[in-house]
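Mind having a look at this structure? Questions to follow.
The values are calculated or read from the model by the stated rules, or taken from the named source; none is laboratory data. On a predicted model such as this, the values are computed, not experimentally measured, just so you know. Ideal geometry is used to build each Cβ from the backbone, glycine not excepted, and the neighbour counts take in all protein chains shown. Heavy atoms of the whole protein, side chains included, go into the accessibility calculation; ligands, DNA and RNA do not. Shrake-Rupley method; radii C 1.70, N 1.55, O 1.52, S 1.80 Å.
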Amino acid sequence: MKYYLAPLEGITTYIYRNAYHSIFHPMDKYFTPFIVPRMKKGMNHREKNDILPEHNEGLYVVPQLLTNRAEDFIKTAHALEDYGYREINLNLGCPSGTVAAKGRGAGFLAHPRELNQFLEEIFTALTLDISIKTRIGVEDAEEFEILLKIFNQYPLKELIIHPRVQKDYYKNKPNFPVFEKAWKQSKNPICYNGNLFSREDCQKIQQNMPNLPAVMLGRGVIANPHLPGECLEIEKERDSSETLHLQKRKKEALQSFHGQVLEGYREILSGERNVLFKMKEIWSYMIHSFSNYESYKKKIQKSETLQNYEAVVRSLFREQDVVAPSLKTM
């Protein structure tokens, strides 16, 4: 089974991806936070920086586009192709209310006729690989029956399914029956995404669908970057002494990862506040990998200078243990 890094806006930037790839078990694919195509202006500076080949050396990166306009998708895909990309991902999964209200992301799923026309246009115009990350509908999972028939008409590189509807956001449980039905009926390769927070979660997916080619990890791996290694049982304790040794290695890896990400943002961002904002976003997830984290979480969020922030982080690494994050804490 292959493992992919989900796109999380503001977090899984090239700074984050490179640090992750150099320290933890490498992902088979890294999906960029979505790019919003602009017909006249093209990609902005931040988006270009994120997809530049020299910022992603040695990584299999898939740019993700968020649009419901075929001409915008096609123009941006051609620009990405000029940078050397051979696969582009269409975002039909973003549940944000402001995005959905404009008929983009998961909101596009409410318009199957227009979606079908959109796909017809981009597959006619483009020769590069196109994958889709989707939810199973807007309000009702029954919507996915029609959507899957549309997806089956096109030669997708793969169909990444988050089995929630847009209205769920990240609440309620993923709809496994709908995903399993899609897995059996899809004419395209399928990837699962949603609520994978532990080795047990990954094992359950593998047991239920032993031939599933790939899973995409999002919040679970941001909270616990060791998760792919744990799922593959590369990082597995055998006895009490091995457990202590593994916990020490995990903490050292997290510390190195944090230092690399922090230094990366210091180099490209101006002003401490911008760097702190980025680091606080990551810690909103990663803090759950530590014991007794509540007071440290508050201090990190209240830090107004890098000096204070780094002092809190040093205390956290020194005083607390690395633990398995719980779904209930995120």
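Right, H21: part of a loop (DSSP other than H, G, I, E, B) and closer than 28 Å to Y170 by Cβ or not?
No; evaluated as a whole, the condition is false for this residue.
Return yes or no: is E47 closer than 22 Å to A125 by Cβ, without any contact (Cβ under 8 Å) to a residue 24 or more places away in the chain and open to solvent by less than 10 Å² (accessible area, probe 1.4 Å)?
Yes: the conditions hold for E47.
In this structure, is K299 over 26 Å from the mean Cα position of the chain (by Cα) and without any contact (Cβ under 8 Å) to a residue 12 or more places away in the chain?
Considered against the rule, which asks whether it is over 26 Å from the mean Cα position of the chain (by Cα) and without any contact (Cβ under 8 Å) to a residue 12 or more places away in the chain, K299 comes out as no.
Suppose we filter segment 156-167 for residues that are in a helix (DSSP H, G or I) and over 18 Å from the mean Cα position of the chain (by Cα); how many remain?
Going through segment 156-167 one residue at a time, the tally reaches 1.
Give just the number: which of (1) open to solvent by less than 10 Å² (accessible area, probe 1.4 Å); (2) within 16 Å of P228 (Cβ to Cβ) does F151 not satisfy?
Tallying (1) open to solvent by less than 10 Å² (accessible area, probe 1.4 Å); (2) within 16 Å of P228 (Cβ to Cβ), F151 fails exactly one: (2).
While we're on this one: Looking at segment 107-127, which of its residues are closer than 15 Å to T76 by Cα, open to solvent by 10 Å² or more (accessible area, probe 1.4 Å) and either outside any helix (DSSP H, G or I) or touching a helix residue (DSSP H, G or I) at 6+ places or on another chain (Cβ under 6 Å) (or both)?
Listed by number, the residues that qualify are E121, A125, L126, T127.
Moving on. Of the residues V62, V36, only one is open to solvent by 10 Å² or more (accessible area, probe 1.4 Å) and aliphatic (A, V, I, L, M); which?
It is V36.
Does segment 176-184 include one or more residues that are crowded, with 17+ Cβ neighbours inside 10 Å, at pLDDT 95 or above and in a loop (DSSP other than H, G, I, E, B)?
Scanning segment 176-184, I find no residue that is crowded, with 17+ Cβ neighbours inside 10 Å, at pLDDT 95 or above and in a loop (DSSP other than H, G, I, E, B), so the answer is no.
Here's a follow-up. Kindly evaluate N172 against the criterion of being closer than 24 Å to Y3 by Cβ, open to solvent by 30 Å² or more (accessible area, probe 1.4 Å) and among the polar types (S, T, N, Q).
no
Show the residue pairs that are 6+ apart or on different chains and have beta-carbon atoms under 8 Å apart, the first residue being within segment 89-104 and free of Cβ contacts under 8 Å to residues at least 12 places away in the same chain, the second being open to solvent by less than 10 Å² (accessible area, probe 1.4 Å).
From segment 89-104, the pairs are S96/G105; A101/G107.
For residues that are open to solvent by 10 Å² or more (accessible area, probe 1.4 Å) and either under 17 Å from the mean Cα position of the chain (by Cα) or closer than 20 Å to K29 by Cβ (or both), tally how many sit in segment 67-78.
Looking only at that region, the number is 1.
List the pairs whose first member sits in segment 265-284 and is of a type in the set (F, W, Y), whose second member is surrounded by 16 or more Cβ atoms within 10 Å (Cβ to Cβ) and assigned to a helix (DSSP H, G or I), and whose Cβ atoms are under 8 Å apart, counting only residues at least 6 apart or on separate chains?
The qualifying pairs are Y265/I15; Y265/V275; Y265/K278; Y265/M279; W283/K297; W283/I300.
If you don't mind, another one. Just checking: which of the helices (runs of 4 or more DSSP H) contained wholly in segment 248-330 hold 1 or more residues that are open to solvent by 10 Å² or more (accessible area, probe 1.4 Å) and closer than 17 Å to Y20 by Cα?
It comes to 272-286.
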